[in-house]
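Read the structure below first, then the notes.
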Amino acid sequence: MKRISTSCKAAKPTLALALAIALCLPLAGCGAAKAADTAPETEKPAATASPEAMEKHQTQVFAMDTVMILTAYGAYADEALDAAAERLYALEADLDPGNETGSVYAANAGAGGQVVVSEDSFQVMTTAMRYWRLSGGALDPGLYPLSKAWGFIGGDYRVPDAEEIALLLAVKDTGGVRLDEAATAVAVPAGTEVSFGAVAKGYAAQAVVDLMADMGVTSAILSLGGNVQTLGETKPDGSRWQVAVTDPYDTGAYAGILTVGQAAVVTSGGYQRFFEEDGVTYIHILDPETGYPVDNDLLSVTVVTADGTAADALSTTLFVMGAERALRFYEEQGDFELVLITKDDEIIVTPGLADSFTETEPDLFTYTYYEPGG
């Protein structure tokens, strides 16, 4: 594996870019804003669509503990946005492990037996378990009891003692989760509780984009916390979508801007949700092996790929892995692209994004353009 570094790939940001206002949406219970959002455009091509097709429609939804901004263009936009909001609320209810009417709650309550779940929940569970296997357990749905113990579920933040963590790790049996596709059912081992928060928002974004497309929308962008997803290769005016990667040190600033077509752009970072106790910062992403918050060389991971569900799963998976393992996984899989920000203030950009990534803070970060092999 090779890294080719440059001191500055692009010029410093223009005044217009520096003064632009980002849509920085705080996450419930977090000490920092989300990690990726729509970014301002410095140039716009001439309009290529009718005034009706270019009309912008927008709505705001609070679901999955996140403020969500949904933007769509064209004649079908309002109807599609209403349907999208309903879909998001329904998914929130079904996928929330704390909601007694939802599928995930039912799966946990029925641990030790097989429970029929919704098609949506089954697809989320299937994706999560796939990446649990592919990553050697880096993405672990069985960490739900540990997340509750740390207070990241419910907001009662505390540092559990070592004995409590060891006990919760000992009873966790993620590998024992069984999925029955024919019956759309899941069997969670007795003593284990699961949560699919690392996949749920990505699945929701993909579901909403698919719904909008079915309703005739050809151009839309969704911002669901750290998840951004676009519909259509361009906006109606012919310009491509721009998505900012947030500076982990200053969530009001950009570490870079990605110019993308139709894609999912999802960021996971330790600065998104955390608490401090006795001068120590504890982030919400837990290490499945230790039961403690992840402590490696990464500040954030941004994944760009076609599918929102996969992007969400990958962003957490790769953050847990750390930079070197993440890059090896990238080489092995080859169906996504990455922007990694390390604690050494290095931003690593994989080859598929080299021509679509704009540097915005060359005085703060070293930008590295990764070259696999060698």
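Against the criterion of being touching a Leu at 6+ places or on another chain (Cβ under 8 Å), open to solvent by 20 Å² or more (accessible area, probe 1.4 Å), under 27 Å from I341 (Cα atoms) and not in a strand (DSSP E or B), Y203 qualifies. I'd like to know if region 194-205 contains one or more residues that are touching a Phe, Trp or Tyr at 6+ places or on another chain (Cβ under 9 Å), over 20 Å from E119 (Cα atoms) and of a type in the set (A, V, I, L, M, F, W, C). No; the residues of region 194-205 include none that is touching a Phe, Trp or Tyr at 6+ places or on another chain (Cβ under 9 Å), over 20 Å from E119 (Cα atoms) and of a type in the set (A, V, I, L, M, F, W, C). Looking at region 184-201, I want the residues that are under 13 Å from D173 (Cα atoms) and have a partner that is in a strand (DSSP E or B) and open to solvent by less than 20 Å² (accessible area, probe 1.4 Å) with Cβ atoms under 8 Å, at least 6 apart or on another chain. Which pairs are those? Note: no pairs meet the criteria. Residues that are closer than 19 Å to P288 by Cα, small (G, A, S), assigned to a helix (DSSP H, G or I) and open to solvent by less than 10 Å² (accessible area, probe 1.4 Å) within region 110-148 comprise A128, G142, listed in sequence order. Checked against the criterion of being open to solvent by less than 40 Å² (accessible area, probe 1.4 Å), over 22 Å from P141 (Cα atoms) and not in a loop (DSSP other than H, G, I, E, B), the candidates L318, L314, L340 yield just one match: L340.
Beta carbons closer than 8 Å, at least 6 apart along the sequence or on distinct chains, pair a first residue in region 335-350 that is modelled with pLDDT under 95 with a second that is assigned to a strand (DSSP E or B) for D335/T305. Restricting P45, P13, P51 to those that are at pLDDT below 95 and surrounded by 15 or more Cβ atoms within 10 Å (Cβ to Cβ) reduces the list to P13.
Here is the figure for region 54-78: residues that are out of contact with any helix residue (DSSP H, G or I) (no Cβ under 9 Å at 6 or more places or on another chain) and open to solvent by less than 50 Å² (accessible area, probe 1.4 Å) total 2. Take the residues in region 216-230 that are open to solvent by less than 10 Å² (accessible area, probe 1.4 Å) and either over 10 Å from the mean Cα position of the chain (by Cα) or of a type in the set (S, T, N, Q) (or both); name whichever of them is farthest from L81 (Cα to Cα). So the residue we want is N227.
A107 meets all of the listed conditions (1) under 30 Å from G175 (Cβ atoms); (2) open to solvent by 50 Å² or more (accessible area, probe 1.4 Å) but one, namely (2).
Looking only at residues of region 354-374 that are open to solvent by 10 Å² or more (accessible area, probe 1.4 Å) and in contact with an Asp or Glu (Cβ under 7 Å, 6 or more places away or on another chain), we find that the one that is modelled with the lowest pLDDT is P372.
The values are calculated or read from the model by the stated rules, or taken from the named source; none is laboratory data. Remember, predicted model here, so these are calculated numbers, not experimental data. Please note: Cβ atoms are built from the backbone with ideal geometry, for glycine as well, and neighbour counts cover all protein chains shown. Just so you know, the surface numbers come from the protein's heavy atoms only, side chains and all, with ligands and any DNA or RNA stripped out. Shrake-Rupley method; radii C 1.70, N 1.55, O 1.52, S 1.80 Å.
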